[in-house]
Amino acid sequence: MTAEGTPTSSVLVVSSQVARGAVGARAAVFALERLGLTTWLVPTIWLPWHPGQGVGTRIVPPDEAFAGGLAEIGGSDRAAEIGTVMTGYFAEVAQVHAAADLVERLRARRPELRLVVDPVIGDGGALYVAQEIAHAVRDRLLPLADIATPNAFEAGWLAGRAIGSTAEAVAAARRLAAKAVVVTSAPAMMVRAVATLLVTRETALQIEHPALPHAPHGTGDLLTALLAGRLARGEALEAALPRAVASVFDLVARSVRAGADELIMAAEQDVLVHSMAPVSTRRIGEAGAVRRAVVRPSTL
């Protein structure tokens, strides 16, 4: 049961898996299970660690086997348990199409199924996947998505326009096919801060916190999972996102203080459920000053 008293359902994660570290599906599954959710996992690739930690072997399932496995999930009676699908990194373009096929098949059985897409295609001004993968995420998967969580570069690339300001980030997000878009690492209004934007057709919410140097990898994966998990537990989107942002900020701060090269999720797992880290929220396009908000602990 959720904090609001509504039933939960399983979350299916389709993303990368590493042997060491808290990135991709390793971060997502840990966070979802810490929120009390049953989680299914489909790895798109296996790596010894995040590529930023050094060169490592890439093990990618054959396209036919990957699609076959997803088809078996979609055809199983147990698939009725799945209420949310979360996608992250894809290693091959065929994987994107297989994931989209699965979502369509699951929705035929359960129309309210939620799809949360983290379009893991690039950062720092460049794509780090093949263009055909990025195009498939944009053209095949995003139109099915309830929520997309691109970083600022990804949002700009997917929308076909540069992002240098909050207004440009909001405009780019509204060009994407997803019903709601969460833009991470977005331009902030405060000095030495970083923003996360929640953008729908009707409204935009900006959430800010101080920027932290040398943040470990995996923050986007973690934020997407915490948001998907809180929504699966019955929380409203505008309440769930600030809580998720606060938890990520809190965990990054603790990881940086510890001098860790990865997010220390196991040691500091309580902040995934409830964090007292303050974040600032502001409605874009509405009058009024930035409202400081302390994210209160939630209960399971």
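The values are calculated or read from the model by the stated rules, or taken from the named source; none is laboratory data. All figures in this text were calculated on a predicted structure; none of them were measured in a lab. No Cβ is skipped: glycine too gets one built from the backbone with ideal geometry, and neighbour counts run over all protein chains shown. Surface areas here come from the heavy atoms of the whole protein model, side chains and all, with no ligands, DNA or RNA. Shrake-Rupley method; radii C 1.70, N 1.55, O 1.52, S 1.80 Å.
Which is open to solvent by 60 Å² or more (accessible area, probe 1.4 Å), touching a residue at least 12 places away in the same chain (Cβ under 8 Å) and among the hydroxyl-bearing types (Ser, Thr, Tyr), of SER185, SER275, SER255, SER280?
Answer to the selection: SER185.
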### Query
Within the set of pairs 6 or more residues apart or between chains, which connect a residue that is free of Cβ contacts under 8 Å to residues at least 40 places away in the same chain inside region 139-150 to a residue that is part of a strand (DSSP E or B) and among the polar types (S, T, N, Q) with Cβ atoms less than 8 Å apart?
PRO150/THR184
### Query
Which numbered condition trips up PRO187, out of (1) within 26 Å of ARG254 (Cα to Cα); (2) under 17 Å from the mean Cα position of the chain (by Cα)?
(2)
### Query
Only one of GLU104, GLU72, GLU112, GLU64 is closer than 16 Å to ALA145 by Cα, part of a helix (DSSP H, G or I) and open to solvent by 10 Å² or more (accessible area, probe 1.4 Å); which?
GLU104
### Task
Tell me which residues, restricted to region 79-101, are free of Cβ contacts under 8 Å to residues at least 40 places away in the same chain and surrounded by fewer than 22 Cβ atoms within 10 Å (Cβ to Cβ).
ALA79, ALA80, ALA94, ASP101
### Query
Do the conditions hold for SER247, that is, is it touching a Lys or Arg at 6+ places or on another chain (Cβ under 8 Å), of a type outside the set (A, V, I, L, M, F, W, C) and outside any loop (DSSP other than H, G, I, E, B)?
no
### Query
Just wondering, is there one or more residues in region 143-166 that are crowded, with 16+ Cβ neighbours inside 10 Å and of a type in the set (Ser, Thr, Tyr)?
yes
### Query
Going through region 209-240 one residue at a time, which ones are farther than 23 Å from THR39 by Cα and in a helix (DSSP H, G or I)?
GLU238
### Query
Taking region 236-251 on its own, how many of its residues are open to solvent by 10 Å² or more (accessible area, probe 1.4 Å) and of a type outside the set (Lys, Arg)?
8
